[in-house]
Amino acid sequence: MSRTQPARLITKLSAVLLAGIATNACAASDPQSAAGLQSASSVKPASKTAYDTLFVPITDAIPFENSRRRKWDSPVIADVDQNGLQDIIITEHGRSVLIFWNEGQGKFSKTQRLAGGDLHGIAVSDYDRDGVMDVVIQQGGGGGANPRRPLHLRIDKDRTIVSRDTFDYFEKGRGRAAKFTDFDGNGLLDLVVTGFPTKDQTEGANHLYTNVTEEQFVFSGNLPQAQWLGYRLVPSDLDGDGTNEMVFFGGKNMVAARHNGDRSFANINASAFGPLAKTSDIATAVEIDFDNDGDFDLFLPRAEHQFDLENYYDAQAQTYAFITFRKPFLHDNLKVEGDLVLENLQRTYPHYDIFLGKDRVKLPEVPDRHAGRDLTIAREDAMGWPEGKTEAGLYIGYMGDGMWRIGGQTRSRLAAVVRNVAAAEPAEPGEPQQLLPAKLLENRGGRFVDVTAAMGIDIAEQTTGAATGDFNNDGYADLAVLKYGNMAQVNTHMLLLNQGGNSFEQVDGHGIKASGRGMTGGAIEAFDYNSDGALDLVQSDERGRWQLFENQIANRGNFAIVRVGNSPSGRALNAEAVLTVAACGQTYRKWVGSGSAAFSQSMNSELHIGLGTCTKVDSASVRWSNGETANVTLKVNAITPVGS
C-alpha cells in the first residue's frame, strides 16, 4: 500500500516475508513500543501571516563542513578562550567534537577538533577558577559493553589544549548529559551528570558531584530518575528562590528535583507539575518567559526516539525514504524509473558492507564511511536477489520490470532516500506517527499550567528542538521550532512570533529549513554571532549539515546586551548569574547557562534583551550564584559589561 501523505510510517515487517533475515545482538537502548499510533494526516496550517525571508543561511561566517552527518544535541555557545567573544562547539555524533573560534566581526576560525568517538553532552566553565577553561564531555558506553567516564579537557587562553583526560574517580557509565550548577550557593560550580543506567547502576545513573575544594569533585549521591529514558535535563529556577531545580525528562514522564540543602533531593512533581508530570517523549525543555512576568515558563517539543522502522513516500517528488534500527528490514516493490539513485545514505557505525544483486557483489567503500553518501546503481550491476540469509549488511537488487528491492539487517541505524520512485509499496503497511503535540507550560508561582491552546499554539506533529529569543526585538520572546519532519522532503521548520505576550503566531516565509532530504529534525540555538543586536540561529538536522541562519528581520526594535563576567569579588563565576531588567513596565530575566540543549550546556555570557520601542531602561541588576549583586546602567542598542 503506497502512502502519499507527509507522515512518518512505523513499519511492522512481516515475519513470513523476512524469515531468513537473522537478528543481531542489541547495541543500544531498548526499542520503544509503537502502540497507540494515530493518524498525522490532519495537520492543519497555523500560519496567518506570510513574510519575506526573515532568516537567511550564511556560509562564509562559520566554516561548517559540507558533509551530512549524525548529530547530538544543540551547539554549545561559550567564551572558551576568554577573550570576550562567544565561540561555538558542535558534536558530530560518533565522530568528533569540534570548536570554531570567534575572531570577531562575525568571522570564525577553521574548525579545531577537541575530541573524537562516541561523545554526548558537553559542559563548559572554569569550575576550578585556575584561569584555564574546563570542558566536560560525556562519553557513551558502547551500548553498555564499554562504560566510560566523562572526558575532561583544559583549554588555555591561547586556545591550546593543556590536558585531555578522564575523571578517573567518577563512576563508569553510559554518559548522556553534563551540566554545571551551584546547588549550595557558595560560588563553586557542582556537576550533574546523567546516563542510561547500566545493569550495575540499580539506583540510577543521574549523579551529583559536588565541588568542595576546587581541586576535584566529590560524589554526593544519586538524583531522582524519570521513567525509562529520563536522562535529559534542564536546570531551572522553578519557584523563583534563586536556586535551580533539576528537571529530568525524555521517556515516560518528567521529574522535578529540589535540593534539600544537605546534598539530598526531593521529588516536587506534585507541587510543580501535578498531572503534567506524565508528559512523555519530551525532546528538550526550553525556558521562556513569554509574558515578561519575571519567571521562567517551559516550552516542550516532543518526539519519539528513533527506535522503529520508518518509511516515507512523497508521490509528487517521487522520493521514498526509510530508516531502520537493529531490526531486519525489506523495502520491496519499489518501481524506479531508470537506475537506482540513493541520496544521503547514512550508516551509523558502518562496520558492514553494501551488496548488489544475487551474487552479493560488494560495493567498494569510501574513505569517509560516516558521512552521507549519494549512489547511482545501474540495473545490470544489481540483477536479482541473493538466496539465503541477508544479514550484517545492506542488500540491493533489481527484480526486473522496473522493480527494485532493498533489505538486510544492521546493528545500528541505516537511512536513505530513493529518487525517481514512481510507485512504492512497503513490505507491510505502516502506521502514522503519534502526534505528540508540543506544550507550553506557564509558571504560576512555581506551579505549571498548560497554556498551549490558550496561547494559540497548535503543532499537530512531532518536534525535536526549539530555541527562544526576541528575534524581532519587540520586547517579547519568540520560538524557533524544529519539526521531526518527513525524510522524503526538504523540511521547512517553524517560527512562532510572540504577539505581545498574549498569543503566538506561526508565520510563513521565515527561511528556516533543512539542508536536504533524508533528514529528521535536530537541534537549534539562538546566538548573536556578529554582535549586531539581532539574534541569529545555529541549527542542525539529524543526518544533515550544520547551518547558520542570519537574522534579517526588518523593522526590529531596540535591544540591550549585558556581557556578564565573574562576581565583583571574584568568588563566583558568571555561570548561573541572573540578569533582571525593568523597562517601560516590563520585567525581563535572563541567566548565564540557560539554553535549548537537553544534554549539553551553553555558557553564553552575552544576555540579550529585546526592548521594542522602549528607549530607556528603568533598572537592571545582576545576581551571582553566591548572592553577590551589582546594579547595571544599561546602554540601549549596545553591549554593557558587568562583573570582574
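The values are calculated or read from the model by the stated rules, or taken from the named source; none is laboratory data. For clarity, every value in this text was computed on a predicted model and none was experimentally measured. Using ideal geometry, Cβ is built from the backbone for each residue, glycine included, and neighbour counts are taken over all protein chains shown. In case anyone asks, the SASA skips ligands and DNA or RNA and just uses the protein heavy atoms, side chains included. Shrake-Rupley method; radii C 1.70, N 1.55, O 1.52, S 1.80 Å.
Taking a Cβ cut-off of under 11 Å around Gly175, the surrounding Lys, Arg, Asp and Glu residues balance to a net charge of +3, with basic ones at +1 and acidic ones at -1. What is the sum of charges, Lys and Arg at +1 and Asp and Glu at -1, for the other residues whose Cβ falls under 9 Å from the Cβ of Ser236? Charge balance near Ser236 sits at -3. Here's the list of lysines a cross-link from Lys110 could span, going by alpha-carbon distance under 28 Å and ignoring same-chain residues fewer than 8 apart: Lys71, Lys157, Lys179, Lys513. Reported to the nearest whole Å, the Cα centre-to-centre distance from the stretch 310-340 to the stretch 180-244 is 43.
The relative contact order of the stretch 105-193, computed from alpha carbon pairs under 8 Å that lie at least 6 residues apart in sequence, is 24 percent.
Per residue, the stretch 73-147 exposes 28 Å² of accessible surface when a 1.4 Å probe is rolled over the protein heavy atoms with every protein chain present. Hey, if you put +1 on the Cβ of every Lys and Arg and -1 on every Asp and Glu Cβ in the stretch 103-237, which of Gly230, His152, Gly106 ends up farthest toward the positive end of that dipole? The Cα lying farthest towards the positive end belongs to Gly106.
Amide H contacts of Asp190: Thr181, Asp182, Phe183, Asn211, each under 5 Å away and 5 or more positions distant or on a separate chain (H built 1.01 Å from N in the peptide plane; Pro and chain starts excluded). Sequence-ordered 3J(HN,Hα) estimates for the stretch 546-561 from the Karplus curve with 6.51, -1.76 and 1.60 and θ = phi - 60° stand at 6, 9, 9, 10, 7, 6, 10, 5, 7, 6, 6, x, 7, 8, 9, 10 Hz, glycine and proline given as x.
In the chain, a dipole from Cβ-located charges (positive for Lys and Arg, negative for Asp and Glu) runs towards its positive end, and of Ala317, Thr213, Phe180 it is Ala317 whose Cα lies farthest in that direction. Rounded to the nearest whole angstrom, the semi-axes of the ellipsoid equivalent to the stretch 546-601, taken from the Cα gyration tensor as √(5λ), stand at 25, 20, 11, largest first. Here the relative contact order of the stretch 83-136, from alpha carbon pairs under 8 Å that lie six or more residues apart, stands at 27 percent. Taking a straight Cα-Cα cut-off under 21 Å and skipping sequence neighbours fewer than 8 places away in the same chain, the lysines within cross-link reach of Lys635 are Lys590, Lys616. Charge dipole of the stretch 479-559 (Cα centre as origin; +1 on each Lys and Arg Cβ, -1 on each Asp and Glu Cβ, all else neutral): 320 debye, rounded to the nearest 20.
The peptide list 505-513, 70-78, put in order of mean Cβ contacts within 10 Å with the highest first, becomes 70-78, 505-513. Relative contact order for the chain: 18 percent, from Cα pairs under 8 Å spaced at least 6 residues apart, divided by residue count. Rolling a 1.4 Å probe across the protein heavy atoms gives the stretch 352-466 an accessible surface of 41 Å² per residue.
Each residue of the stretch 603-620 is assigned a 3J(HN,Hα), and the resulting list reads 10, 5, 8, 9, 9, 9, 10, x, 10, x, 8, 5, 10, 9, 8, 6, 7, 8 Hz, derived from the Karplus form 6.51 cos²θ - 1.76 cosθ + 1.60 (θ = phi - 60°), x at Gly and Pro. Counting charges near Thr580 (Lys, Arg +1; Asp, Glu -1) among other residues having Cβ under 9 Å from its Cβ returns a value of +3. For the stretch 263-314, the calculated P(r), taken from all Cα-Cα distances in 10 Å bins from zero up to the bin holding the longest distance, is 18, 33, 30, 13, 5, 0 percent. Packing, taken as the mean count of other beta carbons within 10 Å per residue, orders the peptides 471-478, 339-346 from highest to lowest as 471-478, 339-346. Taken about its Cα centre, the stretch 361-501 carries a charge dipole of roughly 360 debye when the Cβ of each Lys and Arg holds +1 and the Cβ of each Asp and Glu holds -1.
Net charge dipole, the chain: roughly 1420 debye, given to the nearest 20, about the Cα centre with Cβ charges of +1 for Lys and Arg and -1 for Asp and Glu. Starting at the first residue of the stretch 447-453, write each ³J(HN,Hα) from the Karplus equation 6.51 cos²θ - 1.76 cosθ + 1.60 with θ = phi - 60°, in whole Hz, x for Gly and Pro. Per residue, the Karplus-derived 3J(HN,Hα) values read 10, 9, 10, 6, 10, 4, 5 Hz. Taking the inverse of the mean 1/r over every pair of distinct Cα atoms in the stretch 360-418 gives a Kirkwood hydrodynamic radius of 12.9 Å.
So how many Å³ per residue does the convex hull of the Cα atoms of the stretch 77-129 work out to?
Considering the Cα atoms of the stretch 77-129, their hull volume per residue is 82 Å³.
Relative to the compact-globule estimate of 2.2 N^0.38 Å, the Cα radius of gyration of the stretch 176-325 comes out at 1.24. Annotation: amide H-H contacts under 5 Å for Glu461 (H modelled 1.01 Å from N, sequence separation of 5 or more, or interchain): Ala438. When all protein chains stay in place and ligands, DNA and RNA are ignored, the 1.4 Å accessible-area order of Arg164, Arg360, largest first, is Arg164, Arg360. With all protein chains in place and a 1.4 Å probe, the accessible surface of the chain carries 46 percent carbon and sulfur. Excluding same-chain neighbours fewer than eight residues apart, the lysines reachable from Lys278 by a Cα-Cα span under 16 Å are Lys252, Lys439. The residue list Gly501, Ala523, Asn491 was ranked by how far each Cα lies along the charge dipole of the stretch 469-535 toward its positive end, using unit charges on Cβ atoms, and Asn491 comes out on top.
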